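**Student:** Submitted below is the structure of interest, expressed as structure tokens.
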Amino acid sequence: MQIQAIRERLLGLGAQPEHAQRVLRDWIQCAPHDRGRRRPDDYLPKPVREALPALDLELDGLARVLSEHPGADGSARLLVGLVDGQTVESVLLPREGVCVSSQVGCAVGCRFCMTGQGGLLRQVTSGEIVAQVVLARRRRPVKKVVFMGMGEPAHNLDNVMEAIELLGVEAGISHKNLVFSTVGDARVFERLPAGRVKPALALSLHTTKPELRAELLPRAPRIDPRELVEEGERYARLTCYPIQYQWTLLEGVNDGADEMDAVVELLRGKYAVLNIIPYNANDGLPFTRPSWDKARALAADLQRRGVLTKLRDSAGQDVDGGCGQLRARALDGGTR
Ligand code: SF4
């Protein structure tokens, strides 16, 4: 179910655009038992009021938590069931954030990602994206939404932008706390600057070498890392929020001195933060997690050389932390 389809349904029942907006806002902001608009003296037109209980059930049924896996770091991974039986993962992050999925599976096929191994099964609708935030809000306050779960948001741009607009306008989430994460796609650099809500941008860099990038991200657009950074810089200057460059650190692959020198050349002086994320080991994938001490030393060195660098661990390390692992395990015969 798409947000626009919900709006059109309500308009078809005689609702004004602001009525439709209010129904959507109440869905995001109010617990089901606390949706005050349903009072008989409510100002919504009668046909809309009469349709609301069924619509409520539909909206609340868009996504449900099948299992919840708390991590030692304060995060919790949710395996989320959709109406057609497909599943995606959401992660409740420490410090009032949630990471949502934008696709069931993913076509980019990054070699170090479990989600990428199975290909794309289907798009997640804008309603299902917002529903993941609604589920998270029923568990914790949510002030930040990052589109870093399963899927490549640039491959589902209409749904993701529709969800971002609703969350930015009606959920009280500041626009810089909506984080669109992508491997880099020309359509992103056209659409995001034109949106009513301009999210922050995270760009998957992972290497400075075009040929290694093509190997690690086999079906990502062939964009030179240098060009990616130029596009990112333009967007950062437009929005006044720094670009978050993502670097999954793979032992012996992209952690050498040559890469670090090239990172300094590429990012020094840019309006940017480099997030170094030591790879989270996956059964069956041919990569190794570097030691924390090594990652810390690399991050400190980059910082010293003028690149604002943060060392991060993927949330829920101890609960099948990589994106897609929980779902893979569930499909394999049951979650822990
Ligand atoms: Fe897709 Fe992201 Fe996994 Fe790459 S890392 S395959 S873009 S979900």
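The values are calculated or read from the model by the stated rules, or taken from the named source; none is laboratory data. Quantities reported herein were computed from a predicted structural model and do not represent experimental measurements. Every residue, glycine among them, receives a Cβ derived from its backbone with ideal geometry; neighbour counts consider all protein chains shown.
**Student:** For segment 171-205, which positions are closer than 27 Å to Ile28 by Cβ, part of a helix (DSSP H, G or I) and over 16 Å from the mean Cα position of the chain (by Cα)?
**Tutor:** Within segment 171-205, Arg187, Arg191, Pro193, Ala194 qualify.
**Student:** Consider only pairs whose beta carbons are under 6 Å apart and that are at least six residues apart or on different chains; among these, list those whose first residue lies in segment 202-221 and is at negative phi and among the hydroxyl-bearing types (Ser, Thr, Tyr) and whose second residue is part of a loop (DSSP other than H, G, I, E, B) and within 11 Å of the ligand (Cβ to nearest atom).
**Tutor:** Taking only residues 6 or more apart or on different chains, the pairs are Ser204/Val183.
**Student:** Test of understanding: among Arg111, Arg137, which residue is surrounded by fewer than 24 Cβ atoms within 10 Å (Cβ to Cβ), touching a Leu at 6+ places or on another chain (Cβ under 9 Å) and of a type in the set (D, E, K, R)?
**Tutor:** Arg111
**Student:** Follow-up question, since we're still on this one. Mind listing whichever residues of segment 40-62 are at pLDDT 90 or above, surrounded by 14 or more Cβ atoms within 10 Å (Cβ to Cβ) and part of a loop (DSSP other than H, G, I, E, B)?
**Tutor:** Across segment 40-62, the qualifying residue is only Leu62.
Table: residues versus (1) assigned to a strand (DSSP E or B); (2) free of Cβ contacts under 8 Å to residues at least 24 places away in the same chain; (3) on the phi > 0 side of the Ramachandran plot; (4) β-branched (Val, Ile, Thr).
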residue	(1), (2), (3), (4)
Arg64	yes, no, no, no
Gly109	no, no, yes, no
Gln132	no, no, no, no
Val142	no, no, no, yes
Val146	yes, no, no, yes
Gly149	no, no, no, no
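**Student:** In segment 106-116, which residue that is in contact with a helix residue (DSSP H, G or I) (Cβ under 9 Å, 6 or more places away or on another chain) and near the ligand (Cβ under 8 Å from one of its atoms) is farthest from Ile164 (Cα to Cα)?
**Tutor:** Phe112
**Student:** Here is a check on your reading of the model: is Gly168 small (Gly, Ala, Ser), under 20 Å from Ser101 (Cβ atoms), outside any strand (DSSP E or B) and under 19 Å from the mean Cα position of the chain (by Cα)?
**Tutor:** Spelling it out, Gly168 is indeed small (Gly, Ala, Ser), under 20 Å from Ser101 (Cβ atoms), outside any strand (DSSP E or B) and under 19 Å from the mean Cα position of the chain (by Cα).
**Student:** So, Gly74, is that one out of contact with any helix residue (DSSP H, G or I) (no Cβ under 6 Å at 6 or more places or on another chain) and either at pLDDT 95 or above or of a type in the set (Lys, Arg) (or both) or not?
**Tutor:** Taking the combined requirement at face value, the residue does not satisfy it.
**Student:** May I ask you to verify whether Ala72 is more than 16 Å from the ligand (Cβ to nearest atom) and assigned to a helix (DSSP H, G or I)?
**Tutor:** no
**Student:** Okay, next question. Identify the residue in segment 206-250 that is among the basic types (Lys, Arg) and outside any helix (DSSP H, G or I) and, among all such residues, is farthest from Glu190 (Cα to Cα).
**Tutor:** Within segment 206-250, the match that is farthest from Glu190 (Cα to Cα) is Lys209.
**Student:** Name the residue that is nearest to Gly151 (Cα to Cα), counting only residues in segment 211-223 that are modelled with pLDDT of 95 or more and either among the β-branched types (Val, Ile, Thr) or more than 14 Å from the ligand (Cβ to nearest atom) (or both).
**Tutor:** Looking at the filtered set, the residue picked out is Leu212.
**Student:** Considering (1) of a type outside the set (D, E, K, R); (2) surrounded by fewer than 18 Cβ atoms within 10 Å (Cβ to Cβ); (3) within 16 Å of the ligand (Cβ to nearest atom), say which one Pro193 fails and leave the rest.
**Tutor:** So the condition that Pro193 fails would be (3).
**Student:** In addition: Give the residue, chosen from Glu18, Glu8, that is at pLDDT 95 or above and either outside any loop (DSSP other than H, G, I, E, B) or touching a helix residue (DSSP H, G or I) at 6+ places or on another chain (Cβ under 7 Å) (or both).
**Tutor:** Of Glu18, Glu8, the one residue that is at pLDDT 95 or above and either outside any loop (DSSP other than H, G, I, E, B) or touching a helix residue (DSSP H, G or I) at 6+ places or on another chain (Cβ under 7 Å) (or both) is Glu8.
**Student:** Could you count how many residues in segment 115-130 are assigned to a helix (DSSP H, G or I) and surrounded by fewer than 23 Cβ atoms within 10 Å (Cβ to Cβ)?
**Tutor:** Qualifying residue count, segment 115-130: 1.
**Student:** OK, next. Within segment 69-82, which residues are touching a residue at least 40 places away in the same chain (Cβ under 8 Å) and more than 16 Å from the chain's Cα centre (by Cα)?
**Tutor:** His69, Pro70, Gly71, Ala72, Asp73, Leu82
**Student:** Looking at Val124, Val134, Val145, Val91, can you tell me which residue is within 16 Å of the ligand (Cβ to nearest atom) and in contact with a helix residue (DSSP H, G or I) (Cβ under 7 Å, 6 or more places away or on another chain)?
**Tutor:** That would be Val124, the only listed residue that is within 16 Å of the ligand (Cβ to nearest atom) and in contact with a helix residue (DSSP H, G or I) (Cβ under 7 Å, 6 or more places away or on another chain).
**Student:** Looking only at residues in segment 199-210 that are touching a strand residue (DSSP E or B) at 6+ places or on another chain (Cβ under 9 Å) and of a type outside the set (Gly, Ala, Ser), which one is nearest to the ligand (Cβ to nearest atom)?
**Tutor:** His206
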